[in-house]
Amino acid sequence: MAAAEAAQKIRVAMDQLRATGVRERPLVEVLDLSHQMADAMTAFFGSLDKSIIGEFRYLADFIQKARDEISGLQANDIKDTRLPGASVELDAVVRDTEKATETIMAEAEGLMAKEPTDLAAYKADVDAAMMRIFEACSFQDLTGQRVTKVISTLRHIEDRVTKFASALGVVDTAQEETPEDARKRELLLNGPAMNGPATTQDDIDALFA
Amino acid sequence: MAVDLSMPVLVVDDYQTMIRIIRNLLNQLGFKNIEEAKDGKQALEKLNAGKFGLVISDWNMEPMTGFELLQQVRASDKLKATPFIMVTAESKTENVIAAKKAGVNNYIVKPFNAETLKGKLKTVLGEF
């Protein structure tokens, strides 16, 4: 029975009771009307329950799915292990690179400052300095491995976040520009371009010609 | 007129390695009086305190960028005639045009070589 039909049936029964006066009605009729009202209410709440149960079931499924996806995101693993690990690796890359650069530049500056008065001694100094420069260049192997680990971490996070957003149908909302972003935009702080300069030195020279 | 190789040159960069590279290149070209600053703010203080014949500045620095430094230099009666070369990884055309409009004398995109720096110095300062 539809909810509207059940409500109408109750309303009619109530009107009948009011119009005639309950005390003057025979007990059987009052009981009959009460029975009709009970039936109508049972049908009404029954129809109401079915639609709400459907909604609750959908919500429960969605919440369970969200819980599964959040669990799959492994947010604690990312926060506690993967991101700090990547940060440590990048710090090491910066440190190793600086150390190697310092060694190479110091050797080059040392050679430039030397006077080649004794050619044999000068050649020995150059050879020794070159060997130290070669040794310093070995940092590239280690930094390459460290950067690969960081890339792996970023890809892992990207994969998890993508799955999470896709499963829950997450849509990005417009974000207000932060003061930091505004500063970068206003002062044209774009940073280095990928795969070489965005504008070549020749093109820049043409602008100044 | 020959370039005065003893004139003070201010090199501005937040990476000490880059300052060292430019300092070595300038030394090789004969410039001996080279000072350094790690950002635009420190550079402006040094420029206001002394007399420099050339500024070679990076763009991307905090708290004051090289672009802001250029604007401040060109807005100053005392400093506005100082030659200013931007040496930066900011290679978008909009950066180059903005710098030119702000009054930069020349623009070198990183990474660069000694010949490029030498060529720009000659363009800005004259033969040396």
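No lab work stands behind these numbers, since they all come straight from the coordinates. Just so you know, these numbers come straight off a predicted model, no measurement behind them. Neighbour counts are summed over all protein chains in view; Cβ atoms, including those assigned to glycine, are modelled from backbone coordinates with ideal geometry.
A single member of B:T65, B:T17, B:T82 is within 22 Å of B:K100 (Cα to Cα) and either within 14 Å of chain A (Cβ to nearest Cβ) or surrounded by fewer than 16 Cβ atoms within 10 Å (Cβ to Cβ) (or both), and it is B:T65.
Looking across A:D125, A:D172, A:D202, A:D141, one residue alone is exposed (fewer than 11 other Cβ atoms within 10 Å of the Cβ) and closer than 25 Å to B:L25 by Cα. It is A:D202. Residues considered: A:E98, A:E89, A:E107, A:E135. Of these, the only one that is among the acidic types (D, E), under 30 Å from B:N27 (Cα atoms) and more than 14 Å from chain B (Cβ to nearest Cβ) is A:E135. Give all pairs with beta carbons closer than 8 Å in which a residue from region A:160-179 that is closer than 27 Å to A:R82 by Cα meets a residue that is of a type in the set (S, T, N, Q); count only pairs at least 6 apart in sequence or on separate chains. What qualifies is A:R160/A:Q74. Within region B:85-118, the set of residues being among the small types (G, A, S) and within 11 Å of chain A (Cβ to nearest Cβ) comprises B:A89, B:S91, B:A98, B:A99, B:A102.
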